[in-house]
Amino acid sequence: MAITNEFSGNNASWASEYSLIGVAGAAASNTTPGVYQLFLDLSALASGDTYAIRIYEKARNSAGTQRIVVEHVVVGAQSPPIWAFPSMTLLNGWDMRVICTAGTNTRSIDWSVRKVA
């Protein structure tokens, strides 16, 4: 199976939790199964910035409740600037979201969600 770029974009408003796969950043619940990997360009972050990156999924089936599977918090300027999330098997109703929890919430961040299987 070929690797595909399933979702990509840029956002510069992180004051509220922003879905990287939802329409206009609204929370989503994708049920397309696969192994996905998130890439973020965090080169715009500066001292004092704190951003939370969250992956959501439903544990049992698509009727379940979507909950945080893992959360990574990045603080300040990033080196290296490209951040790659470990690949995850997602299936039942998943989402990938970012929010600024401290500092400047208007940093321009490029991203892509790649399907690897």
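The values are calculated or read from the model by the stated rules, or taken from the named source; none is laboratory data. Source: prediction; values computed, not measured. Neighbour counts are summed over all protein chains in view; Cβ atoms, including those assigned to glycine, are modelled from backbone coordinates with ideal geometry. Accessible surface is based on the protein model in full, side chains and every heavy atom, while ligands, DNA and RNA are left aside. Shrake-Rupley method; radii C 1.70, N 1.55, O 1.52, S 1.80 Å.
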Selection status of residue 110, open to solvent by less than 30 Å² (accessible area, probe 1.4 Å) and either modelled with pLDDT of 95 or more or more than 19 Å from residue 4 (Cβ to Cβ) (or both): no
With the structure loaded, tell me whether residue 101 is in a loop (DSSP other than H, G, I, E, B), touching a residue at least 24 places away in the same chain (Cβ under 8 Å) and exposed (fewer than 15 other Cβ atoms within 10 Å of the Cβ) or whether it fails that test. no
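Residue-by-condition table, conditions (1) crowded, with 17+ Cβ neighbours inside 10 Å; (2) in contact with a Lys or Arg (Cβ under 7 Å, 6 or more places away or on another chain); (3) free of Cβ contacts under 8 Å to residues at least 40 places away in the same chain; (4) within 15 Å of residue 42 (Cβ to Cβ):
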site	(1), (2), (3), (4)
57	yes, no, yes, no
63	no, no, yes, no
67	no, no, yes, no
78	yes, no, yes, yes
86	no, no, no, no
90	yes, no, no, no
93	yes, yes, no, no
Within the range 31-50, can you find the residues that are in contact with a Gly (Cβ under 7 Å, 6 or more places away or on another chain) and in a strand (DSSP E or B)? 50
Subset of the range 8-28 that is open to solvent by 50 Å² or more (accessible area, probe 1.4 Å) and not in a helix (DSSP H, G or I) - its residue that is nearest to residue 85 (Cα to Cα): 8
